[in-house]
Amino acid sequence: MYAYSTVDQQLVNERVAQFRDQTQRFLKGEIADDEYRMLRLMNGIYIQRHAPMLRVAVPYGQMSSQQLRALAEVSRTYDKGYGHFTTRQNIQFNWPELARIPDILADLAQVQMHAIQTSGACIRSITSDPLAGVSTDEIADSRPWCEIIRQWSSLHPEFAYLPRKFKIAVTGAKADRAAVQVHDIGLRLVHNFQGDLGFEVLVGGGLGRTPMIGQVIREFLPTEHLLSYLEAILRIYNLHGRRDNKYKARIKILLKSMGLEDFTQQVEAEWQVIKHSDLQLPAEEIARVSQHFGKPAYLSLAQASCDKVVSVADQEYQRWLQHNVLTHQQPGYRIVMVPLKNPMSPPGDISHQQMDGLADLAEQFSFGNIRSTHDQNLVLAHVAEKDLYALWQGLTELSLARANHGTLTDMINCPGLDYCSLANAETLVLSRGINQAFDDLDYLYDLGPIELKISGCINACGHHHIGHIGILGVEKAGQQVYQFTLGGSDSEAARLGKTLGRSIPQDQVVATINTLLTTYLSLRHGIGESFSEVVNRLGLQPFKEAVYGSAKQSAA
Amino acid sequence: MDLLNKAQPKQVIAYADWLAAGAPAVAAVKVEADVNVPELLPLASGCTEIQIEFPVFADGRGFSIARLLRREGYTGIIRAVGDVAVDRVAFMQRVGFDAIDLKEGQQADLIPQLIERVQIHYQTSSDGAGPIYTATQNS
Ligand code: SF4
């Protein structure tokens, strides 16, 4: 993991002092509401339905045990004893008191954490592949590049007042576990024909009101030009992005109105001017940052592996092994997914006891490293095979061993009406209902991989457009109803789902999901054909007929 | 506090009028946030001062305009006018503004400490600070 230099630490400390001063002046009435709003937003503070909400950055999803304990402590001392991991790998606290937020930030600064640019119309905290450095499909480790971008984008004087929020994601693997295709800028590490490392650069992806898949504006960007190219894109966006209509202010709209060719040409022209400036990354800087992401001190295969542990005859354990444990780059090691999908609480929620307990387990079994994922789970990324059974027991005690990774109930769900002032719908009621209705793990395994994603409004924080099944809460004549989309995907080739038909009332959502699933089961060519493959093969028609036909019958 | 004490120009011409007059050498030209920057850059050296309008504080185009003027080698005064408040002065100074007309009700005396408060700059900008990795401090 990246460890702060004295300079990095000083910056975070100075930012805490700056925010404390801004907040004190605001509370004394010296900063106007609308101005303070911008200032607090760019430091992660929203004023929500019930209270302020603080979003703390987990840069590219990497945490240490020490940091996770500090987050547990914050939730105990300043909040209600839990935190909520978001779809951008960060963590939110829903109940802090505004006047105490500077103290929270000061506490977090001591463990090298901050809330810089976790919201606001600026370059947001960088997200990445939670399996960076350990996955078997890796081209190169994305984390050094994420850290380099984090530093460049932090308090950038020119890009703090952009037309809209600006999200960057980086992946270094073949599979897209960072949703890079639906970010303002998506970066994929690739090798060119000469074997040099660089980035494929995508621009203009995004969900929300006008969902779009990002387009490639440069197929190969040598790594040393990363920052100059980003700066060129941001400068064109800052000057030309729309400022008159916030729904048309994202870079995807600019790209569309300028056209891919014109946009790319402007970016390239600006880039030519700054390409060989001091933005060109020196090899020493790349090496300096990269050395923080070396391999931990793995045991040898003989020491790490243990057939007996893998074959313990406990059905629950075997299920967990099969579904929540993934193969690892390092022989003798595994990656363990820790789902935060407790049926009784919102997806992504974690209690302070769980945070402390998991921090201990990570220290014992995973080199003190914990990662957060964009589907609101956590990961222990370096577990020796010999420790799997002990880890499973520990996770079971913490209620963090539910073996539903990748299944229907491993869903993404935004907080909705319970917490978010923009919501149309109580999305959490839905997730509870879905968990109750589909609690038979064997049935879930039989259904195979299904990504269910639920958003409480058109802002699409739950990424419903790219769910195999997407659900969007909308309000119609004072009623909460739900729009279904099918066929979305966030895999290597991302796709936006298509609308199934008219909206479904809340009390029929679970029944509708059930209809979709039984329809799928009756249509699939054996267990090897997944839900999304059936939707691709047959389109929406059979599902439409099943849902709207059966709705009519039940009404009759 | 040089930023606040730069003498006001005797005369300020709106950019459109200045262009229409053939971009003569003048004391000061005022540009809006949506100014055509590529058109402005080669003409800028003809005026002693360029004023950049911030229509609302959240509109950040002026930051890039100032940065590009400095990069182009413009050495005259760049003044921020319009919805300008003390909490943005530090960034304004970094991108190349050297004169600030604060909107009403601002506590100008805070400016020195607000500028001092964050001393670490990761990025390169018009203030001559190179990116952090070119500084010797980052070890
Ligand atoms: S999708 Fe809408 S309701 Fe859900 S968190 Fe985002 S803004 Fe709030």
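The values are calculated or read from the model by the stated rules, or taken from the named source; none is laboratory data. Being a predicted model, the structure only gives us computed values, none of them experimental. When we count neighbours, we look across all protein chains shown, and the Cβ atoms used for this are built from the backbone with ideal geometry, even at glycine. With ligands, DNA and RNA removed, areas are computed over all heavy atoms of the protein, side chains included. Shrake-Rupley method; radii C 1.70, N 1.55, O 1.52, S 1.80 Å.
Of note:
- Positive-end extreme of charge dipole, the protein assembly as shown - chosen from A:517, A:192, A:96 (charges on Cβ): A:517
- Contact-buried residues of the stretch A:221-270, at a threshold of 40 Å² lost accessible area versus the chain by itself: A:235, A:239, A:243 (1.4 Å probe; DNA, RNA and ligands ignored).
- 5 angstrom amide H check on residue B:13, placed H, neighbours 5+ away: B:28, B:29, B:30
- Pairwise centroid distance, computed over Cα atoms, of the stretch B:9-62 with the stretch A:170-229, Å: 37 Å
- Given charges at Cβ of Lys, Arg, Asp, Glu: chain B dipole, positive-most of B:91, B:29, B:54: B:91
- The B-A contact accounts for roughly 3700 square angstrom of buried accessible surface, both chains included, probe 1.4 angstrom.
- A Gaussian network model of chain B, with springs between Cα atoms under 10 Å, assigns the largest mean-square fluctuation among B:12, B:118, B:56 to B:118.
- The protein assembly as shown, helix-only ellipticity at 222 nm - DSSP H runs n ≥ 4, -39,500 (n - 2.57), divided by all residues, nearest 500: -10500 deg cm²/dmol
- Prolate/oblate/rounded call for the stretch A:278-400, Cα gyration tensor, a/c under 1.5 rounded: oblate
- Mean sequence separation of contacting Cα pairs (under 8 Å, at least six apart), scaled by the length of the stretch A:127-291, corresponds to a relative contact order of 20 percent.
- Cα gyration tensor shape of the stretch B:12-137, rounded if a/c is under 1.5, else prolate or oblate by comparing a/b with b/c: oblate
- For peptide A:370-376, the mean count of partner chain Cβ atoms within 10 Å of a residue's Cβ comes to 0.
- Between the beta carbons of residue A:492 and residue A:194, assuming R0 = 30 Å, the FRET efficiency works out to 0.80 to the nearest 0.05.
- Proximal aspartates and glutamates to residue A:498, defined as alpha-carbon separation beneath 16 angstrom and excluding residues fewer than eight positions away on the same chain: A:451, A:490, A:533, A:545
- Rounded to the nearest 20 debye, dipole of the stretch A:301-397 from Cβ charges on Lys, Arg, Asp, Glu: 260 debye
- Formal net charge of residues neighbouring residue A:257 (Cβ-Cβ distance under 9 Å; K, R +1; D, E -1): +3
- Charge dipole magnitude, Cβ of K and R +1, D and E -1 - the protein assembly as shown, Cα centre, debye nearest 20: 1080 debye
- Sequence-separation-based contact order of chain A, relative, with Cα cut under 8 Å and 6+ spacing, percent: 12 percent
- Which of B:13, A:403, A:178, positive extreme of dipole for the protein assembly as shown (C-beta unit charges): B:13
- Pairs of Cα atoms nearer than 8 Å and 6+ residues apart set the relative contact order; for the stretch A:403-556 it is 18 percent.
- Between B:127, B:98, B:109, the residue with the greatest mean-square fluctuation in the GNM of chain B (Cα pairs under 10 Å linked by springs) is B:109.
- Exercise: per-residue mean of other protein chain Cβ atoms within 10 Å, B:60-72: 5
- Global geometry of chain A, whether rounded, prolate or oblate, following the gyration tensor of its Cα atoms and the 1.5 cut on a/c: rounded
- Of all DSSP beta bridges in the protein assembly as shown, antiparallel share, percent nearest 5: 65 percent
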